[in-house]
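Notes to accompany the following structure.
Please treat every number below as a calculation from the coordinates, not as lab data. Since this is a predicted model, take the numbers as computed values, not measurements. Virtual Cβ from ideal backbone geometry, glycine too; neighbours counted across all protein chains shown.
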Amino acid sequence: MIQKEFAIGIPTLNRFDLLNESLQKYLLNDFQNTKIYLIDNGNQIINISHQNLFVLKVNRNLGVSASWNLLCSLIFNEHENALLLNDDIYFGKSEMNIINFLKEHQKEDFHVSYHNWSAFILPKKTFEKIKGFDVNFYPAYFEDNDYHYRMKLQNMSYHQTEELNCEIFRNSMTIQKDPTINNNFEKNQEYYFNKWGGLPGCETYITPFNS
């Protein structure tokens, strides 16, 4: 029986080789009653099937923000929380770990690991208030800073916790495989500066672009 507290969303571009290892554990052991939504942004060969796994193939790289937005829209049709994971990590938690965590911290607006947003839980109530991630941060970087600052402006709680740290944390393995993915870093940085009047931690605007 599928549990309704949360579902998992994972975007992947070029590291299904790493994700496949974790998916086997998620589906067969850790999250046997949890739906897992996977967005394949890189037309990879995904040779795994399971009744709880839903793979979305797209004809181009949507980028991190648009992928998270799509995953959230799918998950929030049936669930109150989205557990979003990177494709290059192994989370190392179970369904009951997450269900108990959510019960204990139900008053918080957002939950994130100390591992660079490699694992975070976004409640439906928060997504409905803050809305989606800014797709202008493409294909990646600064979309997480932007969302965090938008939550801060709304006085929403940002719960960073070791309880969501990954058992196996690999950082930026997608870019390690294809460094060109990082070509827009400076462009995204400039966009963030223009949008909020400063870089992360030094923002000066309380509305986007000081409008």
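How far is helix 143-153 tilted off the main Cα axis of the chain, in degrees rounded to 10, range 0 to 90? Helix 143-153 sits at roughly 70 degrees to that axis. The radius of gyration of the Cα set in the chain, together with its Dmax, comes out at 16.7, 50 angstrom.
For the chain, a Gaussian network of Cα nodes joined below 10 Å ranks Phe16, Phe101, Phe110 by mean-square fluctuation, and the top entry is Phe101.
If R0 is 22 Å, what FRET efficiency do you get for Glu128 and Glu162 from their C-beta distance, rounded to 0.05? Don't skip to the answer; put the middle values down first.
Numbers: r = 28 Å, r/R0 = 1.26.
According to the calculation, E is roughly 0.20.
Considering the chain as a Gaussian network with a 10 Å cut-off on Cα pairs, which listed residue, Lys124, Lys177, Lys93, attains the greatest mean-square fluctuation? Between Lys124, Lys177, Lys93, it is Lys177 that shows the largest mean-square fluctuation.
Considering every pair of different Cα atoms, what Kirkwood radius, in Å, is found for the stretch 81-194?
Working: mean 1/r = 0.0657 Å⁻¹.
15.2 Å is the Kirkwood radius here.
Comparing Phe133, Phe54, Phe120 in a Gaussian network model of the chain, where Cα atoms under 10 Å apart are tied by springs, the biggest mean-square fluctuation is seen for Phe54.
Shape class for the stretch 55-112: prolate, because the ratio a/c of the largest to smallest gyration tensor axis (alpha-carbon atoms, square roots of eigenvalues) is 1.5 or more and a/b beats b/c.
Which value results when the Cα radius of gyration for the stretch 1-93 is divided by 2.2 N^0.38 Å?
On the way: Rg = 12.2 Å, N = 93, 2.2 N^0.38 = 12.3 Å.
Taking the Cα Rg and dividing by 2.2 N^0.38 Å, one obtains 0.99.
By DSSP, the beta bridges lying fully in the chain are antiparallel in about 35 percent of cases. Pairs exceeding 21 Å between alpha-carbon atoms, taken from Lys131/Lys152; Lys4/Lys107; Lys107/Lys152; Lys124/Lys195; Lys25/Lys177: Lys124/Lys195; Lys25/Lys177. Pairs of C-alpha atoms in the stretch 106-157 farther apart than 17 Å represent 34 percent of all such pairs.
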